[in-house]
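Input: a single structure, listed below in C-alpha cells.
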Amino acid sequence: MKTVINTVIVGILLTIATTIFIVFSGVFNVSALWDDPSLLRALLVETREASVKKHAQEITAPELSAPGRIENGFRSYREMCATCHTPPGKSNSPIAQGLNPPPPDLSVVNEHAMNDSEIFWVIKNGIRMTGMPAWGPTHDDNEIWDIVAFVKALPNIGADAYRELDKKTLSGHEHSSSIELNSGSVHMQRNDHGGHTDK
C-alpha cells in the first residue's frame, strides 16, 4: 500500500514539474504556423464539439424560413463573417489563410455540421483560441438567428447567386432580390422587371 501511495505522489510531482517546465521554459510553440500533433488536435476538436453541444442543448431555434431572414443574414455574413469563412467563388483572404485552426468552409455540405441551436451558440459566444469572436455583445438574438438562417442556406447558394447578392448590396439595391428556400435548394428571385434566375 505504501508503495502505491509513493508511486502516486511521485507521479503527481512529475506532472507538476513537467507543467511548470512547459509553461515557463517557452518550449511550447504558440506560433499559429505550428501544426498541432494529431492526438492534440483530436482532443481539442472533441472538447470543442462536446462543449458546444452541451451549452446549446437548451436553445430552441425559431422558424428560419421566415421572410427576410436569409437576406438579413447575408448582409451580416458579408460584413462580419466572409473575411474568414470564404464565400462561394471567392479566394481565401490573408486573414483566413493565417488562422490556426483554419475556419470551416461553410459553403459546402458537412455531414457532421452543427444543428441550428449549436450554430447560434457559436455565433453568439464565439470559441476561444480559434479566432471565432463572440457576436453576442454587439448583436441581438434575432440578428444572430438571421445569420444562422443564411449559414444553413449557404451550401445551396452557388457562386453566381452569392455574387448577385453581393452586387445588389454594393449598389444599395439589396432589396431588389430575395432568396427562397424550396426543397433544400435556393432560388434567387428578382423583384424588378428582369425576370428571375434559379441557382
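Computed from the coordinates by the stated procedures, all read-outs in this text should not be read as laboratory data. Model, not experiment: these values are computed from the prediction. Note that we place each Cβ from the backbone using ideal geometry, even for glycine, and neighbour counts take in every protein chain shown.
Taking the Cα centre of the chain as origin, sum charge times position over the Cβ atoms of Lys and Arg (+1) and Asp and Glu (-1), and report the length of that vector in debye to the nearest 20.
600 debye
From the square roots a ≥ b ≥ c of the eigenvalues of the alpha-carbon gyration tensor of the range 34-154, which class results: rounded (a/c under 1.5), prolate (a/b over b/c), or oblate?
Judged from the Cα gyration tensor, the range 34-154 comes out oblate (a/c at least 1.5, b/c at or above a/b).
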Counting only backbone N atoms under 17 Å from a point 7 Å out along Cα-to-Cβ of HIS55, the residues of the range 31-49 in range are 44-49
Note the full-extension length gain between HIS139 and LEU13 as 0.36 nm times their separation in residues minus their Cα-Cα distance, in nm to one decimal. 40.7 nm
One finds, for VAL109 and PHE28 with R0 = 35 angstrom and r their Cβ-Cβ distance, a FRET efficiency to the nearest 0.05 of 0.45
Pairs LYS54/LYS124; LYS53/LYS124; LYS124/LYS152; LYS90/LYS124; LYS54/LYS152: which exceed 23 Å Cα-Cα? LYS90/LYS124
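Sum -39500 (n - 2.57) across every DSSP H segment of at least 4 residues in the chain, then divide by the residue count to get the 222 nm mean residue ellipticity, nearest 500. Please list the in-between numbers first.
Numbers: 7 runs with 96 residues, N = 199.
So the calculated ellipticity at 222 nm is -15500 deg cm²/dmol.
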Euclidean distance of C-alpha centroids, the range 13-46 and the range 58-81, integer Å: 38 Å
Are there GluC sites (Glu not before Pro) in the range 1-61 that DSSP puts in a loop and that have at most 16 other Cβ atoms within 10 Å, and which ones? GLU58
Relative contact order in percent for the chain (Cα pairs under 8 Å, 6+ apart) equals 19 percent
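Quick check on packing: order 162-169, 103-110 by the mean number of other C-beta atoms within 10 Å, highest mean leading.
162-169, 103-110
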